[in-house]
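> Pasting a structure below so you can have a look.
Bear in mind these aren't lab numbers, they're just calculated from the coordinates by the rules spelled out. No experiment lies behind these values; they were computed from the predicted model shown. Note: ideal-geometry Cβ built from the backbone for every residue, glycine included; neighbour counts use all protein chains shown.
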Amino acid sequence: MSADKRHSIETRQLNLWYGDFQALINVSVKIVDGLITGLIGPSGCGKTTLLRCFNRVNERYGNVTTTGEVEILGKNIYDADVSLPELRKNVGMVFQRPNPLPISIYENIIFGRMRKKSETDDIVEAALREVFLWDDLKDQLKVRATTLQLEQQQKLCIARLLPLKPRVILMDEPCSALDAKGTRAVEELMLELAGHYTILIVTHNMAQARRISDECIFMLLGEIVEHSRTEDLFLMPQNEKTEDYIEGRYG
Ligand SMILES: Nc1ncnc2c1ncn2[C@@H]1O[C@H](COP(=O)(O)OP(=O)(O)OP(=O)(O)O)[C@@H](O)[C@H]1O
């Protein structure tokens, strides 16, 4: 495998403006396939904006201008022939607050798929098994998903991405609505999924970034300041600004 094939995401000179305000400045980054990469930095530094570039969700917000390149799995996602539904199958997203649809657990997973019942049964079982919910939920598949505990809802939101066979899963502070037990459960799930999927997680929680990410990116004012192995970034930061941030001097 060539060095470049090891990267599922690569940006070159990526810039993004909301109107006149430049939120991303010359972001050139390579995200390694199959690892968990943490995105950290103070509020407003552009973490979510960068994450949203990877499934082109920023374009939903009016007045957004983007320049530069974003390649996912070797394809520039801003090319004219890119299908957004296909892109969003390849690049799934999980949000801060679990957002299952107010329909049954079963329907949340097969939503939009017209298949024979025997096939959808298999899809639902496989997805719930992969997120370790099958044993707990197999007898309540008709229950409305919004009645589940938040931790289960968040796992279900991850489960419903899996039948689409994503290569990349973007997570925007996926544990911020969860208690300590729920956070631990979702982190354990992420560690199980790593290797099978490339996971990019925005987190404000430095301890979480240290616990679960293989690599970490520190952003400040729209720029990437440092990107390295998580252990190196926390133990031997190369940039003074990274050191100030991880030692809690700002942000
Ligand atoms: N839809 C939008 N329209 C205008 N400005 C925006 C929009 N979304 C974000 N911004 C601005 O872009 C900058 C980066 O925001 P972004 O949400 O990406 O930062 P962040 O690092 O994820 O912040 P937080 O940690 O608080 O979620 C901020 O100054 C924010 O106010």
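> Under 4 °C and 1.567 mPa s, how fast does the chain diffuse according to Stokes-Einstein, given a Kirkwood radius computed over C-alpha pairs? Answer in µm²/s, whole number. Provide the component values of the computation, followed by the final result.
Details: Rh = 18.9 Å.
For these conditions, the coefficient is 69 µm²/s.
> Distance from the Cα centre of region 40-104 to that of region 144-163, in angstrom?
21
> So between HIS204 and ILE25, what do we pick up on full extension, going 0.36 nm a residue minus the alpha carbon distance? Before the final figure, lay out the partial values.
Working: separation 179, 0.36 × 179 = 64.44 nm, distance 2.08 nm.
Fully extending the segment from HIS204 to ILE25 adds 62.4 nm.
> Step through the residues of region 72-78 one at a time and calculate ³J(HN,Hα) from phi using the Karplus curve (6.51 cos²θ - 1.76 cosθ + 1.60, θ = phi - 60°), rounding each to whole Hz and writing x for Gly and Pro.
10, 6, x, 10, 5, 6, 9
> May I ask you to derive the relative contact order of region 116-196, considering only C-alpha pairs under 8 Å and at least 6 residues apart, and to give it as an integer percent?
Worked out over region 116-196, it gives 32 percent.
> Residue by residue, what Karplus-based ³J(HN,Hα) values in Hz, rounded to whole numbers, does region 201-216 have, using 6.51, -1.76 and 1.60 with θ = phi - 60° and x for Gly and Pro?
10, 7, 8, 8, 8, 4, 5, 5, 4, 5, 5, 10, 8, 7, 10, 9
> Here's a follow-up. Under the rule of at least 5 residues apart or a separate chain, name every residue whose amide H is placed under 5 Å from the amide H of MET219.
ILE40, GLY41, VAL225
> Right, here's the next one. What longest region of the chain stays clear of chymotrypsin sites (Phe, Trp or Tyr not before Pro) that DSSP places outside H, G, I, E and B and that have at most 16 other Cβ atoms within 10 Å?
The longest uninterrupted stretch comes out as 133-249.
> Hey, what do the phi angles of region 183-196 turn into as Karplus ³J(HN,Hα) couplings, whole Hz, using 6.51/-1.76/1.60 and θ = phi - 60°, x for Gly and Pro?
In residue order, the calculated couplings are 4, 4, 5, 6, 5, 4, 4, 4, 5, 5, 6, 4, x, 7 Hz.
> Got a sec? Which residues in region 108-129 would a label at ALA177 touch, if it sits 7 Å along Cα→Cβ and we count backbone N under 19 Å?
It comes to 108-111, nothing else.
> Note down the relative contact order for region 36-190 as a percent, whole number, built from C-alpha pairs under 8 angstrom at least six residues apart. It would help to have the intermediate numbers written out before the result.
Working: 166 pairs, mean separation 45.4, N = 155.
Relative CO of region 36-190 lands at 29 percent.
> Kindly flag which residue pairs out of LYS30/LYS241; LYS47/LYS75; LYS30/LYS75; LYS89/LYS116; LYS30/LYS165 have an alpha-carbon separation exceeding 19 Å in this structure.
Over 19 Å Cα-Cα: LYS30/LYS241; LYS47/LYS75; LYS89/LYS116; LYS30/LYS165.
> Same structure, new question: What's the FRET efficiency of THR67 with LEU221 using the Cβ-Cβ distance as r and R₀ = 30 Å, to the nearest 0.05?
0.95
> Relative contact order for region 1-119: what percent, with Cα pairs under 8 Å and sequence separation of 6 or more?
Working: 127 pairs, mean separation 30.7, N = 119.
Reported as a whole number, the value is 26 percent.
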